[in-house]
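Asker: Dumping the structure here so I can ask a few things about it.
The values are calculated or read from the model by the stated rules, or taken from the named source; none is laboratory data. This structure is a prediction, so every number in the text was calculated from the model and none was measured. Methodologically, a virtual Cβ is constructed for each residue, glycine included, from the backbone with ideal geometry; neighbour enumeration extends over all protein chains shown. Side chains included, ligands, DNA and RNA excluded: accessible areas come from the protein's heavy atoms. Shrake-Rupley method; radii C 1.70, N 1.55, O 1.52, S 1.80 Å.
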Amino acid sequence: MGKLKQEVKVEKINGEQFVVRVACNKGGDKLVSILEVFDELGLNVVQARVSCRHFFSLEAIIGVGQDQKTSDMKDITDAVLKAIDEKQSGEPEML
């Protein structure tokens, strides 16, 4: 199986809610890293769906919390990309 190009998409859906879609290769603690990023940015997970059958994918609806640090789509995208990049390069791939 070839390598999947990592992809992160963030869309504003209403008010202070966003939908975040992530797709990348499996391996490492990506889910934990992404949830930590949401917490650091003051974002709350309203709903999430995760799959890691052939590759890691996450679709989450997040809301901006009272202690938010950002509600900028680019900041969220960059932070999630950084989290999965660190796990992708720093950990051996698990099958």
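Asker: Out of Glu11, Glu16, Glu40, which single residue is of a type in the set (Asp, Glu) and in contact with a Gly (Cβ under 7 Å, 6 or more places away or on another chain)?
Answerer: Residue meeting the stated conditions: Glu16.
Asker: Out of the stretch 1-58, which residues are small (Gly, Ala, Ser) and closer than 20 Å to Asp85 by Cα? Show your work before the answer.
Answerer: Filtering the stretch 1-58 down to residues small (Gly, Ala, Ser) leaves 2, 15, 23, 27-28, 33, 42, 48, 51, 57.
Passing the criteria: Gly2, Ala23, Gly27, Gly28, Ser33, Ser51, Ser57.
Asker: Separate question: Somewhere in the stretch 21-29, is a residue open to solvent by 50 Å² or more (accessible area, probe 1.4 Å), modelled with pLDDT under 95 and of a type in the set (Asp, Glu)?
Answerer: Within the stretch 21-29, one or more residues are open to solvent by 50 Å² or more (accessible area, probe 1.4 Å), modelled with pLDDT under 95 and of a type in the set (Asp, Glu).
Asker: Ok, one more. Looking at the stretch 47-95, which of the residues that are touching an Asp or Glu at 6+ places or on another chain (Cβ under 8 Å), at pLDDT 75 or above and outside any strand (DSSP E or B) is nearest to Gly15 (Cα to Cα)?
Answerer: Met73
Asker: Find all pairs meeting these conditions: Cβ atoms under 7 angstrom apart; at least six residues apart or on different chains; first residue within the stretch 30-45 and under 19 Å from Glu7 (Cα atoms); second residue surrounded by 14 or more Cβ atoms within 10 Å (Cβ to Cβ) and of a type in the set (S, T, N, Q).
Answerer: So the pair list comes out empty.
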